[in-house]
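Peer 1: A single structure is presented below for examination.
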Amino acid sequence: MRRKLGFATAVLIAAAAGVYINNTSLLAPHRDGKPVLLAHRGMAQRFDERDVKNDTCTAARMLPPTHDYLENTLRSMRASFEAGADVVELDVHPTTDGEFAVFHDWTLDCRTDGQGVTREQSMTKLKTLDIGYGYTADGGRTFPFRGKGIGMMPTLSDVFAAFPDRRLLVNVKSRDANEGEKLAAVLNALPAERRRMIMVYGGDEPIEVIRRLTPEVRTISRGAIRRCLLGYIGYGWTGLMPAACRDAMVLVPINVAPWLWGWPDRFLARMIGSNSAVFVLGPYTGGEFSSGIDTPELFARLPQGYSGGIWTNEIEPIAGKSKD
């Protein structure tokens, strides 16, 4: 009996040692280099993030402005790249005249002087709007950007033309599979090498279509993020990769990262081997909204020498920290 117990103990110890060796980041090669910085919405006005939901009018809860850039504009994107961004995120909606408008909100009423659902408008009409109309930091007493954003809503084609060799992340705002087909057609009209510099995320249905029709483009959806991370936590110790983690953009909340097998270096190596790009977000606490790595305190929680991706709403200070 003692021999059997001793043998079983030895087997368990050997198995545990094997799992440790296969997953510890201490024995994984370290990738040198600076983090890859992703500027969410480009250079944007910040807002009070408490209790934010998908339909919150963030322009009406703007913090006192420190610059005059408006999100999702060519000027904002250019400033983000100049500040150190490697990737800029932008939001799109299809229009009634066959374009994709670059604009965040599902409706126009909050941020612009227009009204109605964004995707129910023509691009010709959207180009006449003032996208700075609704911003206020004092409850509506003053509107510092009113009249300064007229005609500044770009099309996705405008963005591609302005930044032909830059990396972009496109956010599909709907759960409409037809929108996935329309965007896939736009992407497939680009050269293959250009498509490899573009990532797309959004609703499960359009992302599934884009993933099938444009295999060069890395994608992720809310459902795919869950399947990727939960699958990896469940059996990633074996070295097997969940299908949702392949050819993907993998978004990792910073408070989830320590639970990932081999975090950071072995995890990053496995994702790179699966043709996926990793970006760390701010802490996820449930609900509809995730923050970015936006403060020195959050940046300090990243592993020493971290060289994966960072999602941020504060590109200037975070780019400065990444150079330290």
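Peer 1: Using alpha-carbon positions, what is the distance between the centroids of region 32-48 and region 91-166, in Å?
Peer 2: 20
Peer 1: Pick from Gln304, Gln115, Gln45: which is most flexible by mean-square fluctuation in a GNM of the chain where alpha carbon atoms under 10 Å apart are linked?
Peer 2: Gln304
Peer 1: Apply the Debye scattering formula to region 233-324, with a single equal point scatterer on each alpha-carbon and no solvent, then give log10 I(q)/I(0) at q = 0.24 Å⁻¹.
Peer 2: -1.30
Peer 1: Next question. Need one number: convex hull volume per residue for region 159-210, Cα atoms only, in Å³. Don't jump to the answer; show the numbers that get you there.
Peer 2: Details: hull volume 3.5 nm³, N = 52.
In region 159-210, the Cα convex hull volume per residue is 68 Å³.
Peer 1: Okay, next question. Could you work out how far apart the two model spin labels at Ala162 and Cys57 are, taking each label as a point 7 Å from the Cα in the direction of the beta carbon, and quote it in nm?
Peer 2: The two pseudo-label positions are separated by 2.6 nm.
Peer 1: Additional query: Normalised by the empirical 2.2 N^0.38 Å for globular proteins, what value does the Cα Rg of region 81-133 take?
Peer 2: Values: Rg = 12.4 Å, N = 53, 2.2 N^0.38 = 9.9 Å.
Expressed relative to 2.2 N^0.38 Å, the Cα Rg reads 1.25.
Peer 1: Span-like helices, the chain: DSSP H, alpha-carbon axial extent 15 Å or more, mean Kyte-Doolittle -0.5 or greater, which ones? The partial results should precede the final answer.
Peer 2: Working: long enough: 2-23 (31 Å, 0.72); 177-188 (16 Å, -0.09); 222-235 (20 Å, 0.26).
Helices meeting the criterion: 2-23, 177-188, 222-235.
Peer 1: By how many nm would the segment from Tyr284 to Asn188 lengthen if fully extended, with 0.36 nm per residue of separation less the alpha-carbon distance? Walk me through the numbers before you get to the answer.
Peer 2: Numbers: separation 96, 0.36 × 96 = 34.56 nm, distance 3.38 nm.
Difference between extended and current length: 31.2 nm.
Peer 1: Once every DSSP H run of n ≥ 4 in the chain is given -39500 (n - 2.57) and the sum is divided by its residues, what mean residue ellipticity at 222 nm do you get, rounded to the nearest 500 deg cm²/dmol?
Peer 2: On the way: 11 runs with 105 residues, N = 324.
Roughly -9500 deg cm²/dmol at 222 nm, from the helical runs in the chain.
Peer 1: Just for the Cα atoms in region 116-233, what are the lengths along the principal axes, largest first, rounded to whole Å?
Peer 2: Projected onto its principal axes, the Cα set of region 116-233 covers 49, 35, 27 Å.
Peer 1: Oh, and also: Once you have the Kirkwood Rh of the chain from its Cα pairs, apply Stokes-Einstein at 20 °C and 1.002 mPa s and quote D in µm²/s. Don't skip to the end; give the middle numbers.
Peer 2: Values: Rh = 21.0 Å.
In µm²/s, the coefficient rounds to 102.
Peer 1: How long is the gain from Arg227 to Asp97 if the chain were fully straight, where each residue apart is worth 0.36 nm and the alpha carbon distance is subtracted? Provide the component values of the computation, followed by the final result.
Peer 2: On the way: separation 130, 0.36 × 130 = 46.80 nm, distance 3.60 nm.
Full extension from Arg227 to Asp97 adds 43.2 nm.
Peer 1: Also: Suppose R0 equals 45 Å; then what is the FRET efficiency for Asn178 and Ile272 from their Cβ-Cβ distance, rounded to the nearest 0.05? Present the calculation step by step, with values, prior to reporting the outcome.
Peer 2: Numbers: r = 33 Å, r/R0 = 0.74.
The value I calculate is 0.85.
Peer 1: Once the Cα atoms of region 41-138 are picked out, what are the Rg and Dmax in Å?
Peer 2: Over region 41-138's Cα set, Rg and Dmax evaluate to 13.5, 38 Å.
Peer 1: Separate question: If you count only protein heavy atoms with a 1.4 Å probe, what accessible area per residue comes out for the chain, rounded to a whole Å²? If you can, show how the numbers build up before the last one.
Peer 2: Working: 15570 Å² over 324 residues.
Dividing the accessible area of the chain by its residue count gives 48 Å².
Peer 1: Given a 1.4 Å probe and every protein chain left where it sits, what share in percent of the accessible area of the chain is carbon and sulfur? Working shown, then result.
Peer 2: Working: 8660 of 15570 Å².
Answer for the chain: carbon and sulfur cover 56 percent of the accessible area.
Peer 1: What is the Cα radius of gyration of region 34-88 over 2.2 N^0.38 Å, N being its residue count?
Peer 2: With N residues counted in region 34-88, Rg over 2.2 N^0.38 Å equals 1.21.
Peer 1: Give me P(r) over region 170-324, computed from all C-alpha to C-alpha distances, binned every 10 Å, as integer percentages.
Peer 2: Going from the shortest bin to the longest, the percentages are 11, 38, 36, 15, 0.
Peer 1: Within region 253-279, which residues have the backbone N less than 11 Å from the label spot 7 Å out from Arg31 along Cα→beta-carbon, could you tell me?
Peer 2: Answer for this model: 265-279.
Peer 1: So how many Å³ per residue does the convex hull of the Cα atoms of region 103-144 work out to?
Peer 2: Working: hull volume 2.9 nm³, N = 42.
Convex hull of Cα atoms, per residue: 69 Å³.
The values are calculated or read from the model by the stated rules, or taken from the named source; none is laboratory data. Keep in mind the model is a prediction, meaning the values are calculated, not measured. Methodologically, a virtual Cβ is constructed for each residue, glycine included, from the backbone with ideal geometry; neighbour enumeration extends over all protein chains shown. SASA here: full protein model, heavy atoms, side chains in, ligands and nucleic acids out. Shrake-Rupley method; radii C 1.70, N 1.55, O 1.52, S 1.80 Å.
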